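The values are calculated or read from the model by the stated rules, or taken from the named source; none is laboratory data. Keep in mind the model is a prediction, meaning the values are calculated, not measured. Methodologically, a virtual Cβ is constructed for each residue, glycine included, from the backbone with ideal geometry; neighbour enumeration extends over all protein chains shown. Accessible surface areas use protein heavy atoms only, side chains included; no ligands, DNA or RNA. Shrake-Rupley method; radii C 1.70, N 1.55, O 1.52, S 1.80 Å.
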Number of protein chains: 2
Amino acid sequence: MAPTKAPDSSRRSDRSRRAIHDAALALVTEVGYRRTTIEGIAARAGVGKQTIYRWWPSKAAVLMDAFLDLAGRSAEGAGSGGEAQSDEAAQGIPDTGDLVADLKLVLRATVDELNDPVLEAPTRALTAEGIVDAKLGAEFVHKLLDPQLALYVTRLRAAQEAGDVRAGVDPRIALELLIGPLMHRWLLRTLPLTHAYADEIVDYAVGGLAPRP
Amino acid sequence: MAPTKAPDSSRRSDRSRRAIHDAALALVTEVGYRRTTIEGIAARAGVGKQTIYRWWPSKAAVLMDAFLDLAGRSAEGAGSGGEAQSDEAAQGIPDTGDLVADLKLVLRATVDELNDPVLEAPTRALTAEGIVDAKLGAEFVHKLLDPQLALYVTRLRAAQEAGDVRAGVDPRIALELLIGPLMHRWLLRTLPLTHAYADEIVDYAVGGLAPRP
């Protein structure tokens, strides 16, 4: 199939969007969320302020898109390195029938993502601002976090049907036993966030969700 | 026993410290950590800058002390209301021999503390800054968080000796199954933080730490 011929204006528009994303992420990393402005992003990206306002209603909206774009690129990069994990993560949590193995795969990938030096600074800046700004925090959760948490609910429901998780467990609460410890350690930097830690958390948590003898 | 007679200068000094703590907490709540300055704290507390520098080496040090003072006062307040929980929390996690009940008591008290409107704003401000500022975050963890986590390690070790937690479990990791989900839900405001949630987390987690049949 022949590729659709992209007109010059569409290519220019893609280049501008990418430049705006990069500028927004660089600024939030360097000066924090509050001191990042639409003006600053425009200046750094080499576009007019009106270009940004044409595409996004607010600074928060630019940053959300920039962040989604960055996370997507990072996943693609990992994928082109020969790893199948990022594709799996995009499609959902794998279901090989081995709940422990599937969750370890996904939590190890989450550890790698949280430790990724390119993602770390903007993720921290955005999360920190969401902690003090309830409105931004709610957007962050709704657009970025909830879709990921839904994948855990799906996998844990399948595990309930397979008899690996007991019927009375609430999957929406159970997933926090997996995600909560990782985020706590990463956000507060209490101790190093490693694959070994992710494995231990999965072993303890899945034991607590399993049917009781 | 007759109370020791406090000289006027000592009472004045206590009053100044309290005023400085209150000013620091009010400022960090209103304008965030970065825009809180020693000058601003001094002006609001009605003391000279040098008074602050005589007692504390940095803004972070003032805020840590202010925060410890506030948490202590909040615990006293809860205690005088007829609750024994805060005394128990200060002395450690109770050990009645019923691990699930003891942990539910402590996690419910933690839920109340996190939902306390007086503590919430400064705790969020300090935590958010620690997330982006690694040095401040390390101080926060070392002075405020680690002593609390140590109480869980002690209680979980006792549970291992009592046979309620299996020998192979690392208490320092296991406690994150309890604390991590609460902090995750509170920090990111994903869903309401309730006693029922704390209870469920304890039930799932303790099941995962128990000896395997």
query: Which whole-angstrom value gives the distance between the alpha carbon centres of region B:137-213 and region A:117-151?
result: 24
Descending Cα extents along the principal axes, chain B, whole Å: 65, 50, 28
query: Put +1 on the Cβ of every Lys and Arg and -1 on every Asp and Glu Cβ in chain B; which of B:ALA125, B:LEU182, B:VAL153 then has its Cα farthest towards the positive end of the dipole?
result: B:ALA125
- prompt: Pulled fully out, how much extra length does the chain show between B:LEU151 and B:ARG172, if you take 0.36 nm times their separation in residues and subtract their Cα-Cα distance?
  reply: 6.5 nm
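Given the DSSP H assignment, sum -39500 (n - 2.57) over each helix run of at least 4 residues in the protein assembly as shown and divide by its residue total; what's the result at 222 nm in deg cm²/dmol, nearest 500?
-24000 deg cm²/dmol
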- prompt: With labels modelled as points extended 7 Å from the Cα through the Cβ direction, what inter-label distance (nm, one decimal) is found for A:ASP98 paired with B:ARG34?
  reply: 4.6
- request: Over region A:92-209, with every protein chain in place, what whole percent of the accessible area is carbon and sulfur at 1.4 Å, could you tell me?
  value: 57
message: What is the angle, in °, between the Cα long axis of helix A:117-132 and the longest principal axis of the Cα atoms in chain A? Nearest 10 is fine, range 0 to 90.
response: 90
Heavy-atom accessible area, 1.4 Å probe, ligands and nucleic acids excluded: residues of region A:135-179 down by at least 20 Å² from chain alone: A:VAL141, A:LEU145, A:ARG172, A:ILE173, A:GLU176, A:LEU177
- request: Could you state the angle between the C-alpha long axis of helix A:8-31 and the longest principal axis of the C-alpha atoms of chain A, as a value from 0 to 90 degrees rounded to the nearest 10?
  value: 70
Cα-centred dipole magnitude for the protein assembly as shown, charges only on beta-carbon of K, R (+1) and D, E (-1), debye, nearest 20: 1860
- request: Pull out the extension gain between A:ARG18 and A:HIS142, defined as 0.36 nm times the separation in residues minus the alpha carbon to alpha carbon distance; nm, one decimal.
  value: 42.3 nm
- request: At 1.4 Å probe size, with every protein chain present, just tell me what the per residue accessible area of the protein assembly as shown comes to in Å².
  value: 48
- prompt: With +1 on each Lys and Arg Cβ and -1 on each Asp and Glu Cβ, how big is the dipole of chain B about its Cα centre, in debye rounded to the nearest 20?
  reply: 1000
- line: With a ≥ b ≥ c from the Cα gyration tensor eigenvalues, square-rooted, and the rule rounded for a/c under 1.5, otherwise prolate when a/b > b/c and oblate otherwise, the protein assembly as shown is oblate
field: Rounded tilt (10° steps) of A:59-80 against the dominant C-alpha axis of chain A
entry: 60
message: For the interface of B with A, what's the total buried accessible surface in square angstrom, probe 1.4 angstrom, rounded to the nearest hundred?
response: 3600
message: Viscosity 0.692 mPa s, temperature 37 °C: give me the Stokes-Einstein translational D for region A:87-213 in µm²/s, with Rh taken as the Kirkwood radius over C-alpha pairs.
response: 213
